[in-house]
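Below: one structure, written as structure tokens.
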Amino acid sequence: QVQLVESGGGLVQAGGSLRLSCAVSGGTLRLYAMGWFRQAPGKAREFVAAISRLGSNQYYADSVKGRFGISRDSAENMVYLQMNTLKPEDTAIYYCAADRRTSATTITYSQTEYDYWGQGTQVTVSS
């Protein structure tokens, strides 16, 4: 069974940066496309970023393009989300997800395509 554990969340001032980490166990990371999603209080969970199995393809929500970067380190079984120029609107619980059903290059923003989810880590951005 694949397990995902997020870390790195916290409180940061607007304009600051945070780097979220996702530790993957129980599977070979290179076999999974990976994604980050977030859920603000009272809102539905939404797509943030995704990266293909080999890391060549990346896709971002319009709201974070140019500010966030997703990356992966297969040797360490880790996935990261670098968040820069943070805004109060970025405040949410951030979730890591894994999808083995995709091809080597295909990524998806659809939550229903992901097979495994982490417990989430809180990110709070103050004004």
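The values are calculated or read from the model by the stated rules, or taken from the named source; none is laboratory data. None of the values given here were measured: they were computed from a predicted structure. Every residue, glycine as well, gets a Cβ built from its backbone with ideal geometry; the counts of neighbours run over all protein chains shown.
Within the stretch 43-52, can one find any residue that is at negative phi, part of a helix (DSSP H, G or I) and among the basic types (Lys, Arg)?
Within the stretch 43-52, the subset at negative phi is 43-52.
Pick out the ones that are also part of a helix (DSSP H, G or I) and you get none.
Looking through the stretch 43-52, none of the residues is at negative phi, part of a helix (DSSP H, G or I) and among the basic types (Lys, Arg).
Per the conditions (1) in a strand (DSSP E or B); (2) farther than 19 Å from SER110 by Cα; (3) of a type outside the set (A, V, I, L, M, F, W, C), the sole criterion not satisfied by ARG38 is (2). Checking each residue in the stretch 86-113 for being within 24 Å of GLY42 (Cα to Cα), outside any helix (DSSP H, G or I) and of a type in the set (Val, Ile, Thr) picks out THR91, ILE93. The set of residues in the stretch 61-78 being assigned to a strand (DSSP E or B) and under 15 Å from ALA97 (Cβ atoms) consists of ILE70, ARG72, MET78. The residues in the stretch 30-51 that are surrounded by fewer than 21 Cβ atoms within 10 Å (Cβ to Cβ) and either of a type outside the set (D, E, K, R) or within 17 Å of LYS65 (Cβ to Cβ) (or both) can be counted, and the count is 8.
The requirement of being modelled with pLDDT under 95 and farther than 18 Å from SER126 by Cβ is fulfilled somewhere in the stretch 1-8, by at least one residue.
Filtering the stretch 77-113 to residues that are closer than 20 Å to GLN39 by Cβ, hydroxyl-bearing (Ser, Thr, Tyr) and at pLDDT 95 or above leaves TYR80, THR91, TYR94, TYR95.
Residues of the stretch 51-67 that are closer than 11 Å to GLY35 by Cα and touching a helix residue (DSSP H, G or I) at 6+ places or on another chain (Cβ under 8 Å): ARG53 alone. Restricting SER74, SER17, SER63 to those that are over 12 Å from the mean Cα position of the chain (by Cα), modelled with pLDDT under 95 and farther than 13 Å from GLY120 by Cα reduces the list to SER74.
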